[in-house]
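Here is the structure we will look at, set down as structure tokens.
The values are calculated or read from the model by the stated rules, or taken from the named source; none is laboratory data. These figures come from a predicted structure and were not determined experimentally. A quick note on method: Cβ atoms are made from the backbone with ideal geometry, for glycine too, and the neighbour counts reach across all protein chains shown. Surface accessibility is based on the protein's heavy atoms, side chains included, excluding ligands, DNA and RNA. Shrake-Rupley method; radii C 1.70, N 1.55, O 1.52, S 1.80 Å.
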Amino acid sequence: PGVVRDIDGDRFREELDGRMLAEPFRHGKWLLAPLHEPEQRHRPQDPTLIFHFGMTGALDWSSRDDPRDPYDRVVLGFGDRELRFRDVRKLQGVRLASDADGVRDLLDGLGPDAAAVSVGELRDRLRGRRGRLKSTLMNQDIIAGLGNLLVDEILWRARLHPRRKVSDLDDGEVERLHRAMQDVLRRSMRAGHVPTTSRWLTGRRDTDDAPCPRCGRPLQRDRVDGRRTVWCQHCQPA
């Protein structure tokens, strides 16, 4: 309860029992796994299993004999293996779209996926915006998939202040932002998380006296539009 959303547990079991998972795909912060009957392909009328990991969610592929974690909230059995949805805080959870229309309804209004957006598309999405850069990038309706840690890392690498007005960016800065975004996302997806090495801003953000990984000067910490934000005043001038 509180993890499986918009459907009761018994119905959830009935819909999944005996089905197979097709090739999953991602859009923004959503991971979608189409379901199908054995010996068939996924059809528009078939359901799709949908995960949102929030801040603490993860999938673990385990042996059925491996001890379960106290935070394994949903467990899917596959013979002698289990796919376990593990989440401490239960901020989001697992959903089941009944058909292709349900998937479209869920994703309706989201911007393009951040990892796939082109520099031209990014420029178009930002054009005419009046807000601050950080809050704009975190708006899922504009670009889907960027959270707090990712945006701080991207802006630090692009040398852009989180409080910069989007309307003040020139074409060169948008191109720099796009390069940083693609690099950070590519490396984060390869690692399975936002890396926390000492060469990344993310690796320094939780230590109060940690210096900037690039210039060695003290990092700044404040709330920007309600979100905890870390940046380097020297590398990211206002």
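Every residue, every condition in (1) farther than 28 Å from ASP108 by Cβ; (2) open to solvent by 10 Å² or more (accessible area, probe 1.4 Å); (3) in a loop (DSSP other than H, G, I, E, B); (4) of a type in the set (Lys, Arg), yes or no:
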{"position": "ARG179", "(1), (2), (3), (4)": "yes, yes, no, yes"}
{"position": "MET189", "(1), (2), (3), (4)": "no, yes, no, no"}
{"position": "SER198", "(1), (2), (3), (4)": "yes, yes, yes, no"}
{"position": "CYS235", "(1), (2), (3), (4)": "yes, no, yes, no"}
{"position": "ALA238", "(1), (2), (3), (4)": "yes, yes, yes, no"}
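Test each condition in (1) farther than 29 Å from PHE25 by Cα; (2) open to solvent by less than 10 Å² (accessible area, probe 1.4 Å) for GLU153 and report the one that comes out false.
(1)
Tell me, which residue of region 124-142 that is among the basic types (Lys, Arg) and out of contact with any strand residue (DSSP E or B) (no Cβ under 9 Å at 6 or more places or on another chain) is nearest to ASP170 (Cα to Cα)?
ARG127
Which one of these does ARG159 not meet: (1) at pLDDT 95 or above; (2) closer than 27 Å to LEU107 by Cβ?
Condition not satisfied by ARG159: (2).
When you check ASP183 against the structure, is it part of a helix (DSSP H, G or I) and surrounded by fewer than 20 Cβ atoms within 10 Å (Cβ to Cβ), yes or no?
Considered against the rule, which asks whether it is part of a helix (DSSP H, G or I) and surrounded by fewer than 20 Cβ atoms within 10 Å (Cβ to Cβ), ASP183 comes out as yes.
Is there any pair linking a residue in region 201-212 that is in a helix (DSSP H, G or I) to one that is crowded, with 16+ Cβ neighbours inside 10 Å and of a type in the set (Lys, Arg), with Cβ under 9 Å and at least six apart or on different chains, and which?
Cβ pairs passing all conditions: LEU201/ARG157.
List the pairs whose first member sits in region 171-187 and is touching a residue at least 12 places away in the same chain (Cβ under 8 Å) and within 12 Å of ARG157 (Cβ to Cβ), whose second member is among the polar types (S, T, N, Q) and open to solvent by 40 Å² or more (accessible area, probe 1.4 Å), and whose Cβ atoms are under 9 Å apart, counting only residues at least 6 apart or on separate chains?
HIS178/SER118
Considering only region 47-91, state which residues are in a loop (DSSP other than H, G, I, E, B) and among the aromatic types (Phe, Trp, Tyr).
Scanning region 47-91 gives PHE53, TYR71.
In region 23-46, which residue that is in a loop (DSSP other than H, G, I, E, B) and basic (Lys, Arg) is nearest to MET138 (Cα to Cα)?
LYS29
Got at least one residue in region 6-22 being open to solvent by 70 Å² or more (accessible area, probe 1.4 Å), modelled with pLDDT under 95 and under 29 Å from GLN140 (Cα atoms)?
Within region 6-22 (the criterion being open to solvent by 70 Å² or more (accessible area, probe 1.4 Å), modelled with pLDDT under 95 and under 29 Å from GLN140 (Cα atoms)), the answer is yes, since at least one residue qualifies.
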